[in-house]
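These notes are about the structure you will find just below.
The values are calculated or read from the model by the stated rules, or taken from the named source; none is laboratory data. Here the structure is a predicted model, which means the values were calculated and not measured. Don't worry about glycine lacking a Cβ; one is built from the backbone with ideal geometry, like all the others, and counts go over all protein chains shown. Side chains are part of the model used for accessible areas, which takes the heavy atoms of the whole protein and leaves out ligands, DNA and RNA. Shrake-Rupley method; radii C 1.70, N 1.55, O 1.52, S 1.80 Å.
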Number of protein chains: 4
Amino acid sequence: MSGASPPHGYTHRKDDHLKRLRRIEGQVRGLQRMVDEDKYCIDVLTQVSAVTRALQSFSLELLEEHMSGCVVDAAARGGEEADAKIKEASQAIARLVRS
Amino acid sequence: MSGASPPHGYTHRKDDHLKRLRRIEGQVRGLQRMVDEDKYCIDVLTQVSAVTRALQSFSLELLEEHMSGCVVDAAARGGEEADAKIKEASQAIARLVRS
Amino acid sequence: MSGASPPHGYTHRKDDHLKRLRRIEGQVRGLQRMVDEDKYCIDVLTQVSAVTRALQSFSLELLEEHMSGCVVDAAARGGEEADAKIKEASQAIARLVRS
Amino acid sequence: MSGASPPHGYTHRKDDHLKRLRRIEGQVRGLQRMVDEDKYCIDVLTQVSAVTRALQSFSLELLEEHMSGCVVDAAARGGEEADAKIKEASQAIARLVRS
């Protein structure tokens, strides 16, 4: 990323995020294996819940970084940009809560 | 905003919030009536989902007000207070997402 | 309810359900008091999460009773009625999961 | 699997399930690409919500198959086995609702 500062708040934790997402990818492949081997549905469902929770933790962390980065920056500048960032973050939160 | 500014961002929508909460209270009493009259479980469950969604909308609105009020104010002041407000809001969001 | 058997599985736990719903109603009135007294938004949100979880527990219990009552009965009779009950229960579950 | 009937209700839709899970795996890899290319956090979050919903749909379908298969069979046999299957399914539903 050269000398320029990273564009978004989450970049400095990029490696950590990629590691988590690769683990989630592994869990999804594990689900395929379970289905392929005709594992008991309840066990498959338990594993799906684990993947869902892992995705949820990932998005909550991403959201916190976004708020302490982009949102705080925009709020410090104030005005319309702050309002827009808050509105955008609120909509993302609503999607998370409802999904 | 005269001398006595309201303590929190949501105060100016207080009447609106109280109206919503009274409607939710009415829905919960409606649930009691359904159970008391031995209504079909699936119909009771449908009504519980409606109450849950109403509570969810209420909390998403409250959260947006909190962010455009307290969080933006703290962010504008910056420093530790901003960090603390973001952390606190993030934890509230996590509770919402997980409940 | 005279001599006739109660129409739905949850009836024998009616008192228990009504007690829970009255407690939830009390929690919703508590929320109104908090808003009325301008309590801090985060504290209001924490309380909303508690009400949501209480409603969720109520509906999960109702659903389990429905399944061990109506669904098991229909399944024992088999045929189209069993299919219809399973479909209906699945749709109620989907509403719960998505709300 | 020879001539024997498949052990669980979902087996006859195995190909369909595997196709869905491979699509979800592709979505998770898409998330890695987004993070790797420093995409805007809100866009990443939107995509995470899409994956969560896809997993949710998958588990709701799996659950319905389980209920119209294993649960109905056990219910038709009745007794303790029916009770155990209902309890097990209810716990899986609670995990889904709470995750």
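Here is the figure for region D:16-55: residues that are open to solvent by 10 Å² or more (accessible area, probe 1.4 Å) and either touching a residue at least 12 places away in the same chain (Cβ under 8 Å) or of a type in the set (Asp, Glu) (or both) total 14.
When each of D:ALA75, D:ALA84, D:ALA94 is tested for being facing chain C (nearest Cβ under 7 Å), surrounded by fewer than 24 Cβ atoms within 10 Å (Cβ to Cβ) and farther than 20 Å from A:VAL28 by Cβ, the lone residue that passes is D:ALA94. Considering only residues in region B:29-72 that are touching a Ser or Thr at 6+ places or on another chain (Cβ under 6 Å) and in a helix (DSSP H, G or I), the one that is nearest to A:GLU88 (Cα to Cα) turns out to be B:GLU64. Looking at B:CYS70, is it surrounded by 15 or more Cβ atoms within 10 Å (Cβ to Cβ) and in contact (Cβ under 8 Å) with a residue 60 or more places away in the chain? Yes; evaluated as a whole, the condition is true for this residue.
Here is the figure for region C:52-72: residues that are facing chain D (nearest Cβ under 7 Å) and touching a Gly at 6+ places or on another chain (Cβ under 6 Å) total 0.
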